[in-house]
Each structure stands twice: as C-alpha cells, then as structure tokens.
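Asker: Sharing a structure here in structure tokens format.
Laboratory data are not the source of any read-out in this text; all were calculated from the coordinates shown. Just so it is clear, the model here is predicted, and its values are computed rather than measured. Cβ atoms come from the backbone with ideal geometry, glycine included; neighbour counts cover every protein chain shown.
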Amino acid sequence: MHPNPAFRTTTQNGNLQFARERGFGQLTVAKDGLPLVAHVPFALTDSGDAADLHLVRSNPVARALTEPTPALIAISGPDSYISPDWYGIDDQVPTWNYVAVHLRGTLIPLPQEDLRKSLDRLSLAFEARLEPKPAWTAAKMPADLLDRLMRSIRPFRFEIETVDGTWKLTQNKVPEARMAAADHVDAYGIGQETRLLAALMRGASE
C-alpha cells in the first residue's frame, strides 16, 4: 500500500464495498519461502469479515494448503499513467494513478461437503446483479455432471483480519491540476478503465 496518507482516506467500509463489487483478485500465500498466486473470484459475507472462494485441485495454492495459512487477496481497480504535462504546473514528474484494496487474513481449507453451499453463494453473488435475468443455479446442471465437476475443486474460507486501500487520485495536487489531469486521463489514459479513473479523480477531495 502507498504510504502517503493523502491516498489512504477511504473508510474500511468503503474499501470492503469496492472489494465486494469487484469480486475478483489475486490470492497470494507463501510456501517454502516462495509466493504462490492464484487469480480467484470470491464472495464477501454480509458482515465483510470473510470471503468464500474455491480453487481447482491442481492449482499450486490448493495443493500447498493442508491447514489454515496466512494469505492476501489483492483487488485492483482502474489505473492510468499520469504525464506531468497534464497538471499545467511546472516541476512535476510522471506517476501512475490507481485504486487497490488488500485483504489480509487466513485462508482455511473447508470440508468437501461444504463446497456446494460455497459455490451457490458465489454464483448467486454475481447472478443477482444480472436482474431481470433469472438467476442461474447449480440445480440446472445434470446431477452426475455437477458431481464430477465438483470433485475437481476445493472450497476455502478466507477470514479477513485487516483491510487496506490505496486510492491514488491526485489528491496531493491543487484542484485545478487534479481536474486537468482527470480530463487528460479521460481522453488519453493509458491503463485500465481510464474513464472510471477520471471520474474518481474528479470526485476526489484534496
């Protein structure tokens, strides 16, 4: 996380809401001194103190975990390169604006019999956003095929202990410079979801 407090003002609830809406991140654990990373969808609990997820059994993270293990889920948001020319002021340097939230906690392997409930919670978390389309459910799958697919994955619960967020949106510049940079990000941004990032920059406070 960026150490500048200007970029760390979002509340824990705000960071959790961002993580909930994204629902996808990089899960990292350490094994024998080396990092293992998996890209995973997840569903936060209503209280925001845990997340449901699953991994294919052949995934190195799944193979490595036999007991509760410290872990991190990093969730990335919009980002873009920022040219110093965009501020309209002198003596500036290039930088990169971005939004990121880190969830730290413990990744716990669950009994295989918990898998179906975990999968149902995860699919419903995303299907509910597709209304008015009727939600897809596992009940639409042939039972034998569903059982075969479920044997290839393992359920996990990620218990969240700390939540950190960086919202680097040029809050450390005067409003005129921030707005000018936002306009250029909107028009010429190099990164991901640059129009969303520009909107966040316009709404950021000093």
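Asker: By how many degrees, between 0 and 90 and to the nearest 10, does the Cα long axis of helix 12-22 differ from the longest principal axis of the chain?
Answerer: 70
Asker: When the Kirkwood hydrodynamic radius is evaluated over all pairs of different C-alpha atoms of segment 23-107, what value in angstrom, to one decimal, is obtained?
Answerer: Over segment 23-107, the inverse of the mean reciprocal pair distance is 15.2 Å.
Asker: Report, ordered by chain and residue number, the aspartates and glutamates lying within cross-link reach of LYS31, taken as a straight Cα distance under 16 Å and ignoring same-chain residues fewer than 8 apart.
Answerer: In chain and number order, the partners are GLU67.
Asker: Tell me the trypsin sites (Lys or Arg not before Pro) within segment 51-124 that lie in a loop according to DSSP and have at most 12 other beta-carbon atoms within 10 Å.
Answerer: In loop regions of segment 51-124 (DSSP not H, G, I, E or B), the sparsely surrounded trypsin sites (Lys or Arg not before Pro) are ARG57.
Asker: Regarding the chain, what is the average projected area of its C-alpha convex hull, in nm²?
Answerer: Directional mean of the projected Cα hull area for the chain stands at 13.9 nm².
Asker: Write down the Å³ per residue value for the convex hull defined by the alpha carbon atoms of segment 108-206.
Answerer: Details: hull volume 17.3 nm³, N = 99.
In segment 108-206, the Cα convex hull volume per residue is 174 Å³.
Asker: In degrees between 0 and 90, to the nearest 10, how far off the longest principal axis of the chain does helix 175-188 point, with axes built from Cα atoms?
Answerer: That works out to roughly 60 degrees.
Asker: Then there is this: Taking 8 Å as the Cα distance limit and 6 or more residues as the minimum spacing, I'd like the relative contact order of the chain as a percentage.
Answerer: 27
Asker: Another one. If you line up the long axis of helix 194-203 against the longest principal axis of the chain, both from Cα atoms, how many degrees apart are they, to the nearest 10?
Answerer: Computed tilt is about 60 degrees.
Asker: Sticking with this one: Between segment 143-206 and segment 38-57, what's the alpha-carbon centroid distance in Å?
Answerer: Each part's Cα centre sits 17 Å from the other's.
Asker: Under a point spin-label approximation (7 Å from Cα along Cα-to-Cβ), what is the LEU34-LYS117 distance to one decimal in nm?
Answerer: About 3.6 nm separates the two model spin labels.
Asker: In addition: Along the charge dipole of the chain, Cβ charges K/R +1 and D/E -1, which of MET1, SER123, LEU72 sits furthest on the positive end?
Answerer: Highest projection toward the positive end goes to SER123.
Asker: Please check which bits of segment 90-120 a label hung off THR9 would reach, taking the label as a point 7 Å along Cα-to-C-beta and the cut-off as backbone N under 20 Å.
Answerer: Zone members listed by number: 96-102.
Asker: Output wanted: per-residue J couplings in Hz (rounded whole) for segment 145-161, from phi through Karplus 6.51 cos²θ - 1.76 cosθ + 1.60, θ = phi - 60°, x for Gly and Pro.
Answerer: So the J values, rounded to whole Hz, are 5, 4, 4, 5, 5, 5, 5, 8, 10, 10, x, 9, 10, 9, 8, 8, 10.
Asker: Set the Förster distance to 35 Å, then compute FRET efficiency between ALA138 and ALA199 from the Cβ-Cβ distance, nearest 0.05.
Answerer: With a Förster radius of 35 Å, E is 0.45.
Asker: Which of the lysines could a cross-linker bridge to LYS117, judged by Cα under 24 Å and excluding same-chain residues fewer than eight apart?
Answerer: Answer for LYS117, where 24 Å is the Cα cut-off: LYS133, LYS140, listed by chain and number.
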